[in-house]
Amino acid sequence: DVKVTQSSRYLVKRTGEKVFLECVQDMDHENMFWYRQDPGLGLRLIYFSYDVKMKEKGDIPEGYSVSREKKERFSLILESASTNQTSMYLCASSQNQPQHFGDGTRLSIL
Amino acid sequence: GENVEQHPSTLSVQEGDSAVIKCTYSDSASNYFPWYKQELGKRPQLIIDIRSNVGEKKDQRIAVTLNKTAKHFSLHITETQPEDSAVYFCAATPISGYSTLTFGKGTMLLVSP
């Protein structure tokens, strides 16, 4: 069974802080994704990566960056956290389709 | 890019009734259509998917139908049970390389005993 593990279920940070969200998958998948989930807006793609050190912008990349130094790990970085980045963040991985999701990180920016 | 519309946004049914959730997509190149179920506080989980060379797929009480001409696909749940209560998301993508999914905004299904 595919396991996608996100480092924190809940996180509280302050505005202006640099925030790191970590995601690890154990299935040697090529593709990894970061989404944010907000009520009424569904899942929106922030960034994705199809290989080590490769990254592509999704639909809402502003204010975020990513890092993929190893195949199994994909990090989402909030360079300077703002209150409008309070949200649920979901990581996913895939080898083609389907995508497999982690449990999510509920991030609050105060 | 792809745009996926999902209706209704909320759906309330009595236990034992059927539930239908509908999605439309814009990109005629899309050929893979998964459905995810997300229970409260849990991860989205794939419940069924369909590829464009198939018009219908069933798995016990759930089924998905696809109309490529009209660019819409639907999730059908029969004999609903309270444990079917969740948010359901449809998605669409062209399967090619590292293709990304475009999700609908979700449908909250509430099944009352």
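Here are the numbers for the structure shown:
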item: Violating pairs (Cα-Cα greater than 31 angstrom) within the set A:Lys70/B:Lys71; A:Lys57/B:Lys58; A:Lys13/A:Lys70; A:Lys57/B:Lys57; A:Lys13/B:Lys22; result: A:Lys70/B:Lys71; A:Lys57/B:Lys58; A:Lys57/B:Lys57; A:Lys13/B:Lys22
item: Across A:Lys55/B:Lys105; B:Lys42/B:Lys68; A:Lys3/A:Lys71, pairs whose alpha-carbon gap is larger than 20 Å; result: A:Lys55/B:Lys105; B:Lys42/B:Lys68
item: Under-5 Å amide H pairs with A:Glu17, H placed in peptide plane, nonlocal only; result: A:Ala81
item: For A:35-47, mean number of other protein chain Cβ atoms within 10 Å; result: 4
item: Max mean-square fluctuation residue, GNM over chain B, Cα-Cα springs under 10 Å, options B:Thr93, B:Thr80, B:Thr69; result: B:Thr69
item: Accessible surface of chain A [probe 1.4 Å, protein heavy atoms]: carbon and sulfur percent; result: 48
item: Gaussian network model of chain A, springs between alpha carbon atoms under 10 Å - residue of A:Ser65, A:Ser94, A:Ser80 with greatest fluctuation; result: A:Ser80
item: Counting all C-alpha pairs of chain A, share separated by more than 24 Å (%); result: 16
item: Area buried, chain B against chain A - accessible surface, total, 1.4 angstrom probe, square angstrom; result: 1800
item: Paramagnetic reach from B:Arg61 (point 7 Å along Cα→Cβ, amide N under 12 Å) across the range B:1-15; result: B:14-15
item: Protein accessible area in the range B:1-41, 1.4 Å probe - carbon and sulfur %; result: 46
item: Accessible area per residue, Å², the range B:1-63 with all protein chains present, probe 1.4 Å; result: 57
item: Within 10 Å of each Cβ in B:44-50, the average number of Cβ atoms from other chains; result: 3
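The values are calculated or read from the model by the stated rules, or taken from the named source; none is laboratory data. Values in this document were obtained by computation on a predicted structure and should not be read as measured data. When we count neighbours, we look across all protein chains shown, and the Cβ atoms used for this are built from the backbone with ideal geometry, even at glycine. Remember, those area values only see protein heavy atoms, side chains included, never the ligands or the DNA or RNA. Shrake-Rupley method; radii C 1.70, N 1.55, O 1.52, S 1.80 Å.
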